[in-house]
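So the structure is just underneath, and the comments pick up after that.
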Amino acid sequence: MPKYKLSCLLFIFVTLTLEADSKLEEAFSNGNVDAEIKLFFYDINKETGLDAYATALGGYLKYTTDTKNSFFASVRFHTSNPVGDNLNKGATALFNNDKNADALTTISESFLAYKTKSRVMKLGNFMLKTPMMNDDTTRIVPWSYQGFTYTGESIKDLKVQLYYINAIRSFTSDTYKQESASGEFGDSGISMLSAHYTGINGLKAQAFYYYAPELYSTFVAQTDYELSVDKNALFCVGAQYFNSGDGGKYAVTQNRNGGDDINLLALRTSVDTEDWMISINYSQNFGLSGIVKGYGGLAKVYTTSMIANGRGNYKPETWMLKSTYNLPLGSHQSELGFRLTNTQVNDPRGDGFNAYYFHFKHDFTKEASIYLRYENLAYTSTKSDAAYFRAIASYKF
């Protein structure tokens with residue numbers, strides 16, 4: 001969409017919302033402030049000696065006008081600043097890699113919104129939660145997107161979303177660009193249409209279509225079903241399918257993050273109790289393109305761990321066992337997590353591996369928490385084995 005069209009859309013949007021709700025003074029006086037401080041340590045240890053470590057201090061500050069009004073606005077700042085010693089800190093993706101891995105401070109959200117009982121429209125910069133475009137909260141600063149969103153729920157049990165994205169800011173940049181995690185997408189932008197159906201008890205069905213004529217387009221379908229075995233246990237099954245094609249001039253078929261030859265099927269089954277969960281997840285990508293980041297963020301595939309995943313290129317086939325257990329440590333929640341991953345590739349250019357993962361999460365209070373994560377990858381090829389450790393302390397206001 002050319003810039004003048006987006007400007008016209010902004011003018012129409014603001015005019016509509018101002019006419020619909022003129023109580024601006026009241027909206028600002030009843031606004032809400034939300035904030036978080038985070039201390040993040042990341043250590044990467046590789047056999048080749050390409051190690052990296054860094055500590056970042058940052059967080060976010062967010063202000064939103066009164067959302068009870070039909071017209072509201074929101075702005076959020078994120079920052080991540082290096083503190084103490086570091087080694088190859090750009091490899092940690094904690095800072096601004098456009099500026100020699102210096103401190104990253106950015107406006108992650110700044111949008112106008114208009115809502116009715118069954119519709120919400122946003123215009124500006126915002127964070128998203130979709131399988132191929134999302135915020136990715138694995139660092140202090142998330143991904144964010146620029147454009148227009150529409151969400152409608154006027155039909156019972158059906159939610160429809162329509163997005164148009166004309167620029168993307170990655171989690172290591174303070175600049176919105178016509179560039180996704182998979183490459184440039186040009187003036188045509190990225191459009192998305194999705195439908196979410198919840199009309200059958202226990203069943204959630206979703207379908208997404210991303211249209212990027214100068215990059216590649218993707219269809220995603222996901223169905224999850226939950227069945228209560230008894231009052232203390234829940235049995236869950238799910239299926240995902242990702243398929244891409246229609247490669248444009250910027251498409252790279254063998255791109256690890258995303259290309260025009262994704263053909264991935266994923267399945268999962270799990271049992272959840274009050275204190276314990278175990279799941280078995282499987283995925284097979286029959287295509288040469290990866291799906292690690294899609295258009296931005298981290299692609300939401302069942303076989304996903306901290307580092308290990310089944311979303312790579314060159315036809316990976318992955319089994320993943322996941323388990324979590326809630327520890328009885330006082331009145332606040334603590335959790336242990338464990339994952340085993342086996343990935344084999346059906347193309348000689350790929351890299352198979354085995355991985356194991358542990359995490360510990362503890363909430364000291366409703367506001368303060370700590371999250372420790374460790375994962376080790378042992379490759380079956382000549383690629384260097386690696387270990388990853390993250391320690392994250394957070395305090396929310």
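The values are calculated or read from the model by the stated rules, or taken from the named source; none is laboratory data. None of the values given here were measured: they were computed from a predicted structure. We place every Cβ from the backbone using ideal geometry, glycine too, and count neighbours over all the protein chains shown. Please note that ligands, DNA and RNA were not included when accessible areas were found on the heavy atoms of the full protein model with its side chains. Shrake-Rupley method; radii C 1.70, N 1.55, O 1.52, S 1.80 Å.
Subtracting the Cα-Cα distance of T116 and F360 from 0.36 nm times their residue separation leaves 83.7 nm of extension gain.
Model label points for Y325 and D230, set 7 angstrom from Cα along the Cα-to-Cβ axis, are 2.1 nm apart. The accessible-area ordering, largest first, of the residues V229, V160, V292 stands as V229, V160, V292, per a 1.4 angstrom probe.
Stretched out straight at 0.36 nm per residue, the stretch from I155 to D275 would grow longer than its current Cα-Cα span by 39.6 nm. The heavy atoms of L372 offer some 60 square angstrom of accessible surface to a 1.4 angstrom probe. Quick one: if the Förster radius is 30 Å, what FRET efficiency do K177 and S384 give, using the C-beta to C-beta distance and rounding to 0.05? Result of the calculation: an efficiency of 0.45.
In this structure H78 has an accessible area near 10 Å², from a 1.4 Å probe over the protein heavy atoms.
Only one item in (i) 20.6; (ii) 21.8; (iii) 31.9 matches mean projected area of the Cα convex hull in nm² derived from the coordinates shown, and that item is (i).
Under a model in which nothing but the beta-carbon of Lys, Arg (+1) and Asp, Glu (-1) is charged, the range 167-324 shows a dipole of about 180 debye around its Cα centre. Estimated at the nearest 10 Å², the accessible area of T253 is 50 Å² with a 1.4 Å probe.
Using a simple spin-label model with pseudo-atoms 7 Å out from Cα toward Cβ, N243 and E184 lie 3.0 nm apart.
Per residue, the chain exposes an accessible area of 48 Å² to a 1.4 Å probe, with every protein chain left in place. Taking a straight Cα-Cα cut-off under 15 Å and skipping sequence neighbours fewer than 8 places away in the same chain, the aspartates and glutamates within cross-link reach of K68 are D21, E25, E26.
Taking the Cα centre of the chain as origin, sum charge times position over the Cβ atoms of Lys and Arg (+1) and Asp and Glu (-1), and report the length of that vector in debye to the nearest 20.
Numbers: 38 positive and 40 negative charges, 73 e Å.
I would put it at about 360 debye.
Taking each of K159/K231; K46/K383; K122/K366; K99/K177; K129/K159 in turn, the alpha-carbon distance tops 19 angstrom for K159/K231; K122/K366. Of the trypsin sites (Lys or Arg not before Pro) found in the range 163-265, those in coil by DSSP whose Cβ has at most 10 other Cβ atoms within 10 Å are K231, K249.
What is the distance in Å between the Cα centres of the range 70-115 and the range 288-327? The range 70-115 and the range 288-327 have Cα centres separated by 24 Å.
Taking 19 Å as the straight-line reach from the Cα of K204, the aspartates and glutamates in range (excluding those fewer than 8 positions away in the same chain) are E153, D157, D224, E226, D272.
Using only the heavy atoms of the protein chains and a 1.4 Å probe, how would Y395, Y210 rank by accessible area, largest first? Don't skip to the end; give the middle numbers.
On the way: Y395 100, Y210 0 Å².
Descending order: Y395, Y210.
Quick check: residue separation of L340 and V33 times 0.36 nm, minus the Cα distance between them. What number comes out in nm?
Taking L340 through V33 to full extension adds about 106.5 nm, to one decimal.
Only protein atoms count toward the accessible area here, which uses a 1.4 Å probe; on the range 117-221, the carbon and sulfur part of that area reaches 53 percent.
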